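A short write-up of the structure that comes next.
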Amino acid sequence: MADAAVASDLWVTADQLLGMPDDGLRRELVRGELREMAPPGEEHAEIATELIGHLRNHVRTHSLGRVYGKLGYRIASAPDTVLAPDVSFVRADRIGTGPRNRGFRSGAPDLAVEVVSPSDSVDEVEEKVFEWLMAGCRMVLVVNPRRRAATIYHSPSDLQRLTEDDAIDGGDVVPGWTLPLRELFG
């Protein structure tokens, strides 16, 4: 029992993460463990921005919900897990009518998009995908610029691999949204 108490003293909480200074590093928590990442490079940022633009236009036109860039989602507690996908979407029926939350959003988005950076390992990306799915995310899109490809996950065993000749399809998660993958790598 003493070991658990010692281990919990080493955890970082979501509130502590929220209070950390903005020093240019991106931070996430995985089961209380702080993970720091360098800011994204130009290719990564451009792809994420293109995705946000396309998705936001579609979502607004059809009043489907909200699109976010780099919003932190608290998907587990004690120890806390806070992940911030490059792009995310939350359905309208899951968004409150009151003032916006100043902290992290509780629960998983309906769609989480991760753009693979040159420094990301396959294991790190896969771990994030599984964290999102276990937290209730209905669709995870992983875009890999180096391979000019993407993978859509609905569960660990229900996935679809796309090449630049294919199109992303929002299915029943983002109804009517499609985007030719080639447009992201132009």
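Every number in this text was worked out from the coordinates using simple rules, so none of it is lab data. Note that the coordinates shown come from a computational prediction; the quantities given were computed from them, not determined experimentally. Neighbour counts run over all protein chains shown; Cβ positions are idealised from the backbone, glycine included.
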Estimated dipole of the stretch 2-185 in Debye, rounded to 20 [Cβ of Lys and Arg +1, of Asp and Glu -1, Cα centre]: 740 debye
If you build a Gaussian network model of the chain, linking Cα atoms that sit under 10 Å apart, which residue out of N144, N101, N57 swings the most? N101
Excluding M139 itself, what net charge comes from residues whose Cβ is under 15 Å from its Cβ, given Lys and Arg +1 and Asp and Glu -1? -2
For the chain, what does the helix formula give at 222 nm: sum of -39500 (n - 2.57) over DSSP H segments with n ≥ 4, over the residue count, nearest 500 deg cm²/dmol? -8000 deg cm²/dmol
For the chain, built as a Gaussian network whose Cα springs stay under 10 Å, the top-fluctuating residue of D123, D110, D169: D123
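Below 8 Å, C-alpha to C-alpha, sequence gap of six or more: please give me the relative contact order for the stretch 1-116 in percent. Mind showing how you got there, number by number?
Numbers: 178 pairs, mean separation 28.4, N = 116.
After rounding, I find 24 percent.
Tell me, in nm to one decimal, what length is gained between S106 and E126 on full extension, where the rule is 0.36 nm per residue of separation less the Cα-Cα distance?
On the way: separation 20, 0.36 × 20 = 7.20 nm, distance 2.18 nm.
Residue separation times 0.36 nm, minus the Cα-Cα distance, leaves 5.0 nm.
What's the FRET efficiency of D166 with L10 using the Cβ-Cβ distance as r and R₀ = 41 Å, to the nearest 0.05? List each step's numbers first, then the result.
Values: r = 44 Å, r/R0 = 1.07.
E(calc), rounded to 0.05, equals 0.40.
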